[in-house]
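Here's the structure we're looking at; comments come further down.
The values are calculated or read from the model by the stated rules, or taken from the named source; none is laboratory data. For clarity, every value in this text was computed on a predicted model and none was experimentally measured. A quick note on method: Cβ atoms are made from the backbone with ideal geometry, for glycine too, and the neighbour counts reach across all protein chains shown. Each accessible area value is taken on the protein alone, full model and side chains, heavy atoms only, with ligands, DNA and RNA left out. Shrake-Rupley method; radii C 1.70, N 1.55, O 1.52, S 1.80 Å.
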Amino acid sequence: MLAGSPTREAPGPGGRSRDDLLATYFTQQGRYTAGVATRYPAGALVGGGEHQHLATGFEVGTRFHSAPVTRLADARRVHLGHAARADGRWRLYLFADRARLAWDAALTWLAEDPASPVVRHRRADDDVDAVLDVRGILPCSSHEVELADLPALLRPRTGALGLVDLEKCFTATTTPAAAAGGEVDVFDLRGVDRDEGAMVLVRPDQHVAQVLPLTGTRELSAFLAGVLLDAGAQEPLTRR
């Protein structure tokens, strides 16, 4: 890596030493050495990225780039990417629009419409999130939202005991002061459009399959219909 580079005792142009050059190289190649530089081309499992501008930091075809968020249930600061498990499910992250109208409509469609992948690809006796794990992210603080006011899909009853899963929704910041102070949050860090929001579909291997607008329900349905079996054609899934 350092072939032909200046020695520590005899710096090259600009006074840069071998150590400096090596540090620069590792900084530039950081994502590669961490194993997250792979990018899959468009195909059956990766969309074309026509709506990439809605979430520029979640590049279609690359590994899902996590960021800090606040879990609404306990106001704890966590990493969004750590919410996913290696359990073979697809993930859908819904970043809310400023008015929350499109966000609410998308969640209602996901929960109720026959064309929704949550409804279409899930057997009746399986948990609502058995195939597609839906998470919501709001561009506000955890003090501005009540759990009881969330759409039902973000408060599902799952598991053998039917307990309410309270870890489906996150907010961008912890307090109103942090939000008002311009704290850098997940929307800023990952270039998510605050006015329009976005849907980020993630494959089971944690690579981003597609970025869509919150109104892109038909596109979401069509994409997953080409990947997942309809409920009637599936074998029963084992409860977690």
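For the chain, modelled as a GNM with alpha-carbon contacts under 10 angstrom, which of THR171, THR215, THR33 fluctuates the most? Its mean-square fluctuation being the largest, the pick is THR33.
Protein heavy-atom surface of the chain, 1.4 angstrom probe: 53% of the accessible area is carbon and sulfur, with nucleic acids and ligands not counted. Within the assembled protein chains, the solvent-accessible surface assigned to SER221 is about 20 Å², based on a 1.4 Å probe.
Among beta bridges from DSSP that stay inside the chain, the antiparallel ones total about 70%.
Dipole magnitude for the stretch 61-207: computed about the Cα centre from +1 point charges on Lys and Arg Cβ and -1 point charges on Asp and Glu Cβ, it is near 420 debye. Counted by Cβ distance under 15 Å from LEU72, the other residues give a net charge of 0, where Lys and Arg count +1 and Asp and Glu count -1.
Relative contact order for the chain: what is it in percent, counting Cα pairs under 8 Å that are at least 6 residues apart? Across the chain, relative contact order equals 27 percent.
For the stretch 74-215, calculate the relative contact order in percent as a whole number, restricting contacts to Cα pairs under 8 Å that are 6 or more residues apart. So the answer I get is 32 percent.
Looking at the stretch 36-159 only, what percent of DSSP beta bridges run antiparallel? Nearest 5 please. Walk me through the numbers on the way to the answer.
Numbers: 6 of 12 bridges.
Counting DSSP beta bridges with both partners in the stretch 36-159, the antiparallel share is about 50 percent.
Counting heavy atoms of the protein chains alone, GLU196 has an accessible area of about 100 Å² for a 1.4 Å probe. Solvent-accessible surface (1.4 Å probe) assigned to PHE95 amounts to roughly 0 Å². With respect to the chain, whose longest principal axis is taken over its alpha-carbon atoms, helix 18-28 is tilted by about 20°. Computed 3J(HN,Hα) for the stretch 100-116, one whole-Hz value per residue from the Karplus formula 6.51 cos²θ - 1.76 cosθ + 1.60 where θ = phi - 60°, is 6, 6, 5, 5, 4, 5, 5, 5, 5, 4, 4, 7, 10, 6, x, 7, 5, glycine and proline marked x.
The candidates TYR25, TYR32, arranged from most to least accessible area with a 1.4 Å probe in the full protein assembly, appear as TYR32, TYR25.
Subtracting the Cα-Cα distance of ARG98 and TYR32 from their residue separation scaled by 0.36 nm leaves 20.3 nm. Most tightly packed first, judged by the mean number of other beta-carbon atoms within 10 Å of their residues, the peptides 56-62, 120-126, 162-168 read 56-62, 120-126, 162-168.
By the scheme Lys and Arg +1, Asp and Glu -1, what is the net charge of all other residues having a beta-carbon under 15 Å from that of VAL145? Intermediate results must be reported in sequence, preceding the final value.
Working: positive: ARG71, ARG76, ARG98, ARG100, ARG135, ARG155, LYS168; negative: ASP74, ASP97, ASP104, GLU144, GLU146, ASP149, GLU167, ASP185.
So the surrounding residues net to -1.
Please state the shape class of the stretch 51-131: rounded when a/c is under 1.5, otherwise prolate if a/b exceeds b/c and oblate if not, all from the C-alpha gyration tensor. Rounded shape, in that the Cα axes give a/c under 1.5. Binning all Cα-Cα separations of the chain at 10 Å, short to long from zero, yields these whole-percent fractions: 7, 29, 31, 17, 8, 5, 2, 0. Taking 0.36 nm per residue of sequence separation and removing the Cα-Cα distance, the ALA148/ARG218 pair yields an extension gain of 22.3 nm.
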